[in-house]
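Written out below as structure tokens is the structure these notes cover.
Every number here is computed from the coordinates shown, using simple stated rules; none is lab data. These numbers were taken from a predicted model, which means no experiment stands behind them. A quick note on method: Cβ atoms are made from the backbone with ideal geometry, for glycine too, and the neighbour counts reach across all protein chains shown.
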Amino acid sequence: MLRSYGAKIGRSVQTYGHFFRGVPHGLELGDGVRIMKGALLSVDNIASSLTIGRDCYINRNTTIDCHVGIHVGERVAIGPNVYIGDFDHGPMAGSGRSMYGRKGEVIIEEDVWIGANATILRGVTIGVGATVGAGSVVTKNVDAGDMVAGNPARRIHDS
């Protein structure tokens, strides 16, 4: 169904339940992607781009909320209850301005592992082979091969 609205869906993609909301032509799923029950991928507008590379695993109850651009490289494993968003919230409704604040692309490179309940915020790049510990809040870039944990996430081991 999503293909007929412009989404690019690779071969052998497995999904369990309803997983998408928004503008389909901004969605691209590589070959072998697995999206578990309760996960939600959201593409907010016609200019947004959400790309998930081949052989990625998106665990249950994960939300990927795309308003600008989110790119997930190949062979990325995302644990349960993870939130990835490329924007933050601005002033409250009634102020005459948008409720969306600053925006910035999120890039998760190849072979990254993101633990359960982690939060990845706008403008972050996570390098090849990095690990994000469970419950971490990532507000800054993570270098390739590094392991980060905490709130805010800090390097606890490097390559």
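For segment 3-157, what proportion of DSSP beta bridges, expressed in % and rounded to the nearest 5, is antiparallel? In segment 3-157, DSSP labels about 10 percent of beta bridges as antiparallel. Cross-link candidates for LYS140: which aspartates and glutamates have Cα within less than 19 Å, leaving aside residues fewer than 8 places away along the same chain? Of all the aspartates and glutamates, those that pass the test against LYS140 - Cα under 19 Å, at least 8 places apart if same chain - are ASP65, ASP86, ASP88, GLU105, GLU109, GLU110, ASP111, ASP158. The label-point distance for LYS103 and LYS37, in a model that sets each label 7 Å from Cα toward Cβ, rounds to 3.4 nm. Please list, by residue number, everything in segment 103-124 whose backbone N is under 16 Å from a paramagnetic label point 7 Å out along Cα→Cβ of TYR83. Only 103-104, 115-124 fall inside the zone, counting backbone N under 16 Å. Among rounded, prolate and oblate, which fits the chain when a ≥ b ≥ c are the square roots of the eigenvalues of its C-alpha gyration tensor, a/c under 1.5 means rounded, and a/b larger than b/c means prolate? Because a/c hits 1.5 or more and a/b fails to exceed b/c, the chain counts as oblate. Net charge dipole, the chain: roughly 460 debye, given to the nearest 20, about the Cα centre with Cβ charges of +1 for Lys and Arg and -1 for Asp and Glu.
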